[in-house]
1. How much mean residue ellipticity at 222 nm does the chain get from its helices, if each DSSP H run of length 4 or more adds -39500 (n - 2.57) and you divide by all residues, to the nearest 500 deg cm²/dmol?
2. Going by amide H atoms built from the backbone, whose H comes under 5 Å of the H on Ala100, apart from near neighbours?
3. Which far-off residues, 5 or more places away or on another chain, put their amide H under 5 Å from the one on Glu54, with H placed in the peptide plane?
4. If neighbour count is taken as other Cβ atoms inside 10 Å, put Val168, Val109 in order from fewest to most.
5. If amide hydrogens are placed 1.01 Å from N in the peptide plane, which non-local residues have theirs closer than 5 Å to the one on Gly72?
6. Antiparallel DSSP bridges in the stretch 4-179: what percent, to the nearest 5?
7. Name the lysines eligible as straight-distance cross-link partners of Lys153: C-alpha to C-alpha under 16 Å, and not fewer than 8 places from it in the same chain.
8. Set Lys and Arg Cβ to +1 and Asp and Glu Cβ to -1, take the dipole of the chain about its Cα centre, and tell me which of Pro125, Ala111, Asn174 lies farthest positive.
Amino acid sequence: MKNKVAVFLAEGFEEIETISVVDILRRAGIECKIVGIRDEMVKGAHNVIVKVDEIINKEEIKTYDMLVLPGGMPGAVNLSNNSDVIDLIKYFNDNNKYIAAICASPAVVLAKSGVVDNKDVTCYPTNDFKSMLSNSNYKEDNVVVDGNVITSKGPATAFEFAYKILEVLGSDYNKIMEDMLYNN
């Protein structure tokens, strides 16, 4: 089982897409670090402030198994404007490591990096975001997996997204779903 995940955080991140994913991964025993791209304390889109576990270090992050990019605005834009984030996304893609993005991040961050060109993807379903994915094959599904890339629609799909991450990492996601009363 692969078990080292970095969840990137930038000012304006979507809180539900971050905290629920981190919580679910940690419940499953995954080593999941909240990684700030600049600051130790990061304010979300709805004014929730989160203390990160560490500040981005490209060489250390390269040893991880997966990157997770929450959405939120302007969080996704702030991630896309960070050259370390874009470089790491390209590195993970080139090395067939997992990249997971939700809400605005598939369109704003992954499209900018080029890693979703010719891939099946989903994102927050606005025409603005869909148009950013013109080199991709947009799907209406809540969660889409194409090779090493996992994408999801938004806040209400955060649990489904997190369980899919557990599944691709080889974790017993059904046990976590059952323990959390998901689909009961």
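No value in this document is a laboratory result; all are computed from the given coordinates. Please read all numbers here as calculations on a predicted model, not as lab measurements. For neighbour counting, all protein chains shown are included, and Cβ atoms are generated from backbone atoms with ideal geometry for every residue, glycine included.
1. For the chain, the value works out to -9000 deg cm²/dmol.
2. Under 5 Å from the amide H of Ala100 lie the amide H atoms of Leu67, Val68, Leu69, Ile150, each far enough along the sequence or on another chain.
3. Ile34, Gly36
4. Lowest count first: Val168, Val109.
5. So Gly72 has HN proximity to Glu14, Ala104, Ser105.
6. Once the DSSP bridges in the stretch 4-179 are tallied, antiparallel ones form about 25 percent.
7. Output for Lys153: Lys119, Lys130, Lys139, Lys164.
8. Ala111
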